[in-house]
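The values are calculated or read from the model by the stated rules, or taken from the named source; none is laboratory data. Given the structure is predicted, the values throughout are model-derived calculations rather than measurements. Please note: Cβ atoms are built from the backbone with ideal geometry, for glycine as well, and neighbour counts cover all protein chains shown. Calculation scope for accessible area: heavy atoms of the full protein, side chains included, ligands and nucleic acids excluded. Shrake-Rupley method; radii C 1.70, N 1.55, O 1.52, S 1.80 Å.
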Amino acid sequence: RLVHLDLKGAAPRAQYLEQVLPLLRTLGATGLLLEYEDTFPYTGPLELLRAPHAYSPAELRALLSRARAQGLDVVPLLPFPLQFVLKHREFAHLREVKALPNALNPHKEESLALVKAMIDQVMALHEDLQWFHIGCDEVYYLGEGEESKQWLQQQDNTPEKLCLSHIKAVASCLASSYPMVTPIVWDDMLRGMSEETLAGSGVPQLVQPMIWDYAADIYVEGKVQLIEKYHRCGFSKVWFASAFKGATGVNQSLTLIGHHLRNQLEWLQVASRSPADVLEGIALTGWQRYDHFSVLCELLPVAIPSLAVCLQALKNGGYSEKVKENVEKLLGMSNLEIDTFMSTSLGTFPGSNILTLVTQVSFYLKSSVDELLERNRYVTGWFSPYHRKRKIIHPIIMHHFQPDAVSLLSKWNAVVQDLQAAMEQVFHKCTIEEWMEENVHPSLQKLQQVVDDLDEA
């Protein structure tokens with residue numbers, strides 16, 4: 001049971017992750033799937049890939065050693081295709097399609113040299129790895145570059161073969177230097193391929209596919225058939241991937257636990273109907289952005305109750321009142337809501353204060369500001385945009401809503417200050433800035449503007 005930490009946005013400080021590891025272990029995790037992206041401390045010609053908030057080698061070594069001490073397997077994930085690499089001007093010449101940073105040109109020797117250099121640097125910081133996830137999902141636009149188009153004109157060449165040869169090349173990069181490590185790939189590019197194509201490609205002997213589906217109502221029978229197909233093609237083992245957050249809305253700020261719990265229960269059904277020796281494990285994904293360029297979805301501390309419920313359901317083979325009580329005890333929470341967003345949520349787990357304050361902001365900030373500015377008849381009738389622009393107001397009308405506006409602004413400023421302080425313990429400045437700009441500033445600035453306009457009028 002691998003917990004996926006997606007670090008391509010809102011990457012927590014190393015010390016926060018170290019605080020969370022014992023809890024993950026207690027909840028039932030047996031490993032971590034670490035998707036570093038630009039938070040890995042690349043060096044040499046790859047140094048420009050490092051984000052300003054990337055972990056230092058010392059921080060990473062300490063974190064990995066703490067994970068080992070907790071008995072957690074670590075599986076690094078390098079997300080080929082490499083959006084976070086190909087966006088840089090210095091690597092743009094390796095794009096499959098010139099204008100798009102979506103896929104690596106598989107025909108250039110330099111592409112594989114880059115893959116190998118990245119794998120080597122990640123491997124150098126990790127000890128005793130059993131698996132290494134090489135991504136290979138959603139490789140859109142592969143086959144649409146000029147060299148690929150020429151390659152596809154040759155007899156018997158197909159987009160499927162191009163995709164398989166790319167996967168094989170990346171997996172071979174790993175296998176040739178690190179024969180003890182098994183590459184894992186996302187399975188979405190393989191699902192639709194015929195058994196004959198897959199079996200003949202040599203890929204099944206090289207990698208283990210990770211079948212992902214984050215829906216609350218998985219087509220169980222279809223998944224069982226897919227596993228049997230992969231088995232017949234020659235894949236020795238398969239993985240499942242469920243989700244505990246980051247899969248229900250691109251700019252979601254709170255996690256609906258019920259959706260993710262149902263997702264795990266569906267995967268348990270698939271597991272119970274699959275051949276016992278075929279399943280290697282499950283990764284509980286926690287996406288932080290839908291891709292390298294999208295906004296943040298739920299922050300890790302906000303989703304810990306969901307992660308706890310999901311891990312416990314998988315560990316216990318289902319969800320019951322007893323499991324719920326155990327989760328509440330481990331998180332120090334008294335009111336775990338599954339089918340609605342928790343309107344009040346206090347806990348004692350690391351980062352629980354962030355969950356409490358984010359819940360407050362998500363539930364009440366926009367609605368309270370809208371209530372005042374759009375549904376208060378004194379504002380809409382006597383201090384409309386027309387009046388505000390011209391600084392006109394009847395003095396007596398001010399008394400009907402100015403105190404409310406000032407008090408609302410001061411209340412929210414205090415909440416936001418507390419949230420900012422709580423987030424500073426866990427996140428870097430860039431994350432706090434982005435989250436505030438997306439979730440707080442639109443409403444707070446509207447309110448501030450009305451108070452300023454009132455003062456001027």
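Looking at S306, S368 in this structure, which one is open to solvent by 10 Å² or more (accessible area, probe 1.4 Å), within 35 Å of the chain's Cα centre (by Cα) and not acidic (D, E)? I'd like the intermediate steps shown before the answer.
Numbers: S306 fails: open to solvent by 10 Å² or more (accessible area, probe 1.4 Å).
That would be S368, the only listed residue that is open to solvent by 10 Å² or more (accessible area, probe 1.4 Å), within 35 Å of the chain's Cα centre (by Cα) and not acidic (D, E).
Taking A10, is it under 20 Å from the mean Cα position of the chain (by Cα) and not β-branched (V, I, T)?
Numbers: under 20 Å from the mean Cα position of the chain (by Cα): yes; not β-branched (V, I, T): yes.
So A10 fits the description; yes.
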Cross-chain or 6+ apart pairs with Cβ under 7 Å, the range 432-457 first and farther than 16 Å from N413 by Cβ, then open to solvent by 60 Å² or more (accessible area, probe 1.4 Å) and of a type in the set (D, E, K, R): E456/K391; A457/K391
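Right, K389: among the charged types (D, E, K, R) and within 21 Å of M423 (Cβ to Cβ) or not?
Numbers: among the charged types (D, E, K, R): yes; within 21 Å of M423 (Cβ to Cβ): no.
Answer is no for this residue.
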Any hit, the range 272-289, residues being of a type in the set (S, T, Y) and either open to solvent by 10 Å² or more (accessible area, probe 1.4 Å) or not assigned by the TED database to the domain that holds L32 (or both): yes
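When you look at L314, is it touching a strand residue (DSSP E or B) at 6+ places or on another chain (Cβ under 8 Å) and buried (at least 19 other Cβ atoms within 10 Å of the Cβ), yes or no? Spell out the reasoning first.
Details: touching a strand residue (DSSP E or B) at 6+ places or on another chain (Cβ under 8 Å): yes; buried (at least 19 other Cβ atoms within 10 Å of the Cβ): yes.
For L314, the condition - touching a strand residue (DSSP E or B) at 6+ places or on another chain (Cβ under 8 Å) and buried (at least 19 other Cβ atoms within 10 Å of the Cβ) - is met.
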Number of the condition not met by Q252 [criteria: (1) farther than 22 Å from I184 by Cβ; (2) in contact with a Ser or Thr (Cβ under 6 Å, 6 or more places away or on another chain)]: (2)
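Restricting the search to the range 370-392, which residues are of a type in the set (A, V, I, L, M) and either within 14 Å of Q449 (Cα to Cα) or at pLDDT 95 or above (or both)?
So in the range 370-392, the residues of a type in the set (A, V, I, L, M) come out as 372-373, 379, 392.
Hits for the range 370-392 are L372, L373, V379.
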Inter-residue pairs, beta-carbon under 7 Å, first more than 29 Å from R66 (Cα to Cα) and in the range 119-146, second among the polar types (S, T, N, Q) and part of a loop (DSSP other than H, G, I, E, B), 6+ apart: Y140/N102; Y141/N102; G145/N105
